[in-house]
Amino acid sequence: MKKILAFAGSNSSTSINQKLVTYIASELKDHKVSVLHLVNYDMPMYSEDEEKKGFPAMVMGLKQEISEVDALIISLSEHNGSWSAFFKNIVDWLSRLDRNFLAGKKILLTSTSPGKRGGMSALEHAKLILPRFGADIVESFSFPSFYENFSEETYTLTNETLELGLKQVLSTFAHQV
């Protein structure tokens, strides 16, 4: 049984990416999956001036949590064709603390949005950037039209095709972890 950490790259209290990653975590039965809410990690906006003051305890704590797991599930919100400034700030801090903070980590990237592209641009951006920090992107999954395809009342997927696609992605990810 492998240890997996799951979180959304969003600071919204009603994040649909947090809902998606929580759902995905509940579907991985053969591994120990912990779900984080990154919004609880209070970090100043990264700058050289801030770094000179020292690394915030929350950055070091998150780095430690990442180092203790075998894999990550990251669900990215998309802002203007990229990942959120909130998530970029976290990556900036972590990469300054340890350039290879994702070394040896198998990663499942997901994204959702209310629109039909499901945050695809954020996923593509992450696939290009995260390997620079040692990430091994095993799988990715874009979940389109969140409100049409996910029931927040029952916490289930309502689109059979998407459900089958996600199950296949999860199976591949679980086997490669």
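The values are calculated or read from the model by the stated rules, or taken from the named source; none is laboratory data. These numbers come from a predicted model, not from an experiment. For neighbour counting, all protein chains shown are included, and Cβ atoms are generated from backbone atoms with ideal geometry for every residue, glycine included.
Annotations
- Members of segment 108-135 found to be surrounded by 15 or more Cβ atoms within 10 Å (Cβ to Cβ), on the phi < 0 side of the Ramachandran plot and not hydrophobic (A, V, I, L, M, F, W, C), listed by number: Thr110, Ser111, Thr112, Ser113, Arg117, Ser121, Glu124, His125
- Against the conditions (1) assigned to a helix (DSSP H, G or I); (2) in contact with a Pro (Cβ under 6 Å, 6 or more places away or on another chain); (3) under 26 Å from Lys19 (Cβ atoms), Glu50 satisfies every one except (3).
- Search result, residues across segment 1-18 that are in a helix (DSSP H, G or I) and either without any contact (Cβ under 8 Å) to a residue 24 or more places away in the chain or within 14 Å of Leu38 (Cβ to Cβ) (or both): Asn17, Gln18
The rows are residues; the columns are (1) of a type in the set (S, T, N, Q); (2) under 16 Å from the mean Cα position of the chain (by Cα).
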position: Ala126; (1), (2): no, yes
position: Pro131; (1), (2): no, yes
position: Ile137; (1), (2): no, yes
position: Ser142; (1), (2): yes, yes
position: Leu157; (1), (2): no, no
position: Leu162; (1), (2): no, no
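- Applying the condition of being part of a helix (DSSP H, G or I) and touching a residue at least 12 places away in the same chain (Cβ under 8 Å) to segment 38-47 and asking which residue is surrounded by the fewest Cβ atoms within 10 Å (Cβ to Cβ) yields Val39.
- Residue within segment 142-155 that is touching a strand residue (DSSP E or B) at 6+ places or on another chain (Cβ under 9 Å), at pLDDT 95 or above and under 22 Å from Ser47 (Cα atoms) present: no
- From the options Val21, Val35, Val69, residue that is among the β-branched types (Val, Ile, Thr), farther than 19 Å from Phe101 by Cα and either modelled with pLDDT of 95 or more or surrounded by fewer than 21 Cβ atoms within 10 Å (Cβ to Cβ) (or both): Val21
- Checking each residue in segment 10-67 for being among the aliphatic types (A, V, I, L, M) and touching a Ser or Thr at 6+ places or on another chain (Cβ under 6 Å) picks out Ile16, Leu20, Val21, Val35.
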